[in-house]
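The next block holds one structure in the form of structure tokens; read it before the comments.
The values are calculated or read from the model by the stated rules, or taken from the named source; none is laboratory data. Owing to the predicted nature of the structure, the values given are computational and were not obtained by experimental measurement. Reconstructed Cβ throughout: ideal geometry from the backbone, glycine too, with neighbour counts over all protein chains shown. For the accessible areas, the whole protein counts, side chains as well, though only heavy atoms, and no ligand, DNA or RNA atoms are used. Shrake-Rupley method; radii C 1.70, N 1.55, O 1.52, S 1.80 Å.
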Amino acid sequence: MAGFIARRVLLVLPSLLGLLVVTFLLIRTVPADPAVALAGDNATPEQIEAIRRQYGLDQPLLVQFGRYLAGVARLDFGASQFSGRPVAADIAQRLPATLELTFAALLIGAGLGIPLGVVAAMNHNRWPDFLLRILSVGGIAIAAFWLAIMLQLLFAMQLGWLPLRGQLSVGLAPPGGPTGFLLLDSLLHGRLDILGDALRHLVLPAVTLSVGGLATIARFTRAGVLDTLQKDFVLYERAVGFPRRRMVWIYVLRNSVVATVSQIGLLFGSLIAGAVVVEAIYDWPGIGSYTVQAILTADAKVMLAVTLLVGVIYAAVNILTDLALALIDPRIREGR
């Protein structure tokens, strides 16, 4: 198993380097000048040039990339051109909020998508199956920003059941703690009032972010279960009178979720990327809103660091997904 993990890690490193190179070149080819954005509209050409020299923006691209790569090797991503704070410190402060939102969305998607896919497969070509197919197509096609606005209008502004935006209500302060995750720190400090308020704020953005993933997981689970139901061992278990519900939920499902687990790993990366839109709409204090601010201010160091971070998270999740698949199906571990 250690060799299996080592091979996956070695395959990831060139991909991360390529991601960094492509992102660096794309950011540098954007017409926006970060020195102009940082100096402001009323800055003189001399002030703009001084800022360009201060941040090394007057150096050749190869030199700039070499200096940045050396900093990344030391886990030094430089300082934000907008706030002046270390980028690593800003990311460490905001990352828990994004991960909390992403894990909640993934939990909703997998927790509902897998059972719905099984139910649809067990009722193949009947009304539950047709209904799931219609809803899954709609879930994949729907735009996250439109759904977020509709949910805000209905549940926050019309019904008043859930908060409109933010992570906590005004007047409540985060408990502070070792993890940085608001829900976990609230539990560790015994602050059930903060926990309940944080959960209410989490519902709408997590549901918005989960819809596309839920639909995808349901479709993959349905297809996997339908395929497994045609296997010889299932026909044998039916012939000997094995209880249908136990057969499906224990044996059939385990042999059907290989594609679903792979898709969950892929979805995690897309959820991190999709959080940019959701966080901006719900004013969620995570990496997404931080990235939007960096784009608006042409803060190249922040954009590079966030891109690399998302790539690392995506790679780590895919390694964990491969590990889970290897545990489910030993043939994958053996390379067959």
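Rounded to the nearest Å, what's the spacing between the alpha carbon centres of the range 259-274 and the range 90-112? Just the number, please.
Cα centroid to Cα centroid, the span is 12 Å.
Would you please give the FRET efficiency between LYS231 and LEU11, computed as 1/(1 + (r/R0)^6) with r the Cβ-Cβ distance and R0 = 41 Å, to the nearest 0.05?
0.85
Find the percent of Cα-Cα distances in the chain that exceed 30 Å, and round it to a whole number.
Beyond 30 Å sits 49 percent of the P(r) for the chain.
How large is log10 I(q)/I(0) at q = 0.30 Å⁻¹ when the Debye formula is applied to the Cα atoms of the range 167-224, each weighted equally and without solvent?
Computed log10 I(q)/I(0) values: -1.14.
Would you work out what percent of the accessible area of the range 194-316, with all protein chains in place, is carbon or sulfur (probe 1.4 Å)?
Its accessible area is 64 percent carbon and sulfur atoms.
Taking every pair of alpha-carbon atoms in the range 149-297, what share in percent sits in each 10 Å bin, from 0 to the bin with the longest distance?
P(r) over the range 149-297, rounded to whole percents: 10, 26, 26, 20, 13, 5, 0.
Would you please give the residues with an amide H less than 5 Å from that of ALA79, counting only those at least 5 places away or on a separate chain, with H modeled from the backbone geometry?
Residues meeting the criterion, in which the H sits 1.01 Å from N, are VAL87.
Relative to the present Cα-Cα distance, how much length would full extension add between ARG165 and ARG200 at 0.36 nm per residue of separation?
My answer for the length gained is 11.6 nm.
Taking a probe of 1.4 Å, how large is the accessible area per residue of the range 255-329, in Å²?
34
Provide the descending list of Cα extents for the range 79-229 along its principal axes, expressed in whole angstroms.
57, 36, 36
Quick one: angle between helix 61-73 and the longest Cα principal axis of the chain, in degrees between 0 and 90, rounded to 10, please.
In the chain, helix 61-73 runs at an angle near 60 degrees to the longest axis.
Given Cβ point charges of +1 (Lys, Arg) and -1 (Asp, Glu) and nothing else, what value in debye, to the nearest 20, does the dipole of the chain about its Cα centre take?
For this selection, approximately 1240 debye.
On a full-extension model of 0.36 nm per residue, what is the gain between SER270 and THR44, subtracting their alpha-carbon distance, rounded to one decimal in nm?
77.2 nm
What percentage of the solvent-accessible surface of the range 53-149, computed with a 1.4 Å probe over protein heavy atoms, is contributed by carbon and sulfur atoms?
Carbon with sulfur: 71 percent of the solvent-accessible area.
Counting helices only, and only those DSSP H runs with n ≥ 4, report the 222 nm mean residue ellipticity of the chain as the sum of -39,500 (n - 2.57) divided by its residues, in deg cm²/dmol to the nearest 500.
After summing the helix terms and dividing by residue count, I get -23500 deg cm²/dmol.
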